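Everything below concerns the one structure shown next.
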Amino acid sequence: ILGIVENMAYFIPPDMPDKRYAIFGEGGAQRLAEEYDTEVLGQIPLEIPIRKGGHEGVPAVLWHENTAFATFQTLSRNIARKIAINNASLQHKNTQS
């Protein structure tokens, strides 16, 4: 397990993009990450452009640069970091055996 990705972590209303509402509660991903001794890699908001992109098969980052781009960029960086750490750890273990 590289980590936890929390989908629909919060709602962003289209007419108030600076607002975030935790309509399904807060802290669930963090509690799960702690239970499994891992980390939260990202939180994907419940946001109309992301939902629309998923349903249409067109990534929201291609046409909606605000939250979607920042959200998936952060998530991608965190996943890449965890893979690099895991690979370095495996390489270190292989050189010691």
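The values are calculated or read from the model by the stated rules, or taken from the named source; none is laboratory data. These numbers come from a predicted model, not from an experiment. Glycine also receives a Cβ, built like all others from the backbone with ideal geometry; neighbour counts cover every protein chain displayed. When the accessible area is computed, the model is the full protein with side chains, heavy atoms only, and any ligands, DNA or RNA have been set aside. Shrake-Rupley method; radii C 1.70, N 1.55, O 1.52, S 1.80 Å.
Going through region 1-17 one residue at a time, which ones are farther than 22 Å from ASN78 by Cα, open to solvent by less than 90 Å² (accessible area, probe 1.4 Å) and of a type outside the set (A, V, I, L, M, F, W, C)?
PRO13, PRO17
Of the residues in region 60-87, how many are at pLDDT 80 or above and either under 18 Å from MET16 (Cα atoms) or hydrophobic (A, V, I, L, M, F, W, C) (or both)?
Counting residues in region 60-87 that are at pLDDT 80 or above and either under 18 Å from MET16 (Cα atoms) or hydrophobic (A, V, I, L, M, F, W, C) (or both) gives 9.
Please determine whether any residue of region 51-66 is surrounded by 11 or more Cβ atoms within 10 Å (Cβ to Cβ), without any contact (Cβ under 8 Å) to a residue 24 or more places away in the chain and touching a Ser or Thr at 6+ places or on another chain (Cβ under 9 Å).
yes
Collect the residues in region 18-33 that are surrounded by 13 or more Cβ atoms within 10 Å (Cβ to Cβ) and in a helix (DSSP H, G or I), keeping them in residue-number order.
Matches in region 18-33: GLY28, ALA29, GLN30, LEU32, ALA33.
Go through (1) touching a Lys or Arg at 6+ places or on another chain (Cβ under 8 Å); (2) at pLDDT 90 or above; (3) under 27 Å from ARG81 (Cβ atoms) for PHE11 and report which single condition fails.
The number of the failed condition is (3).
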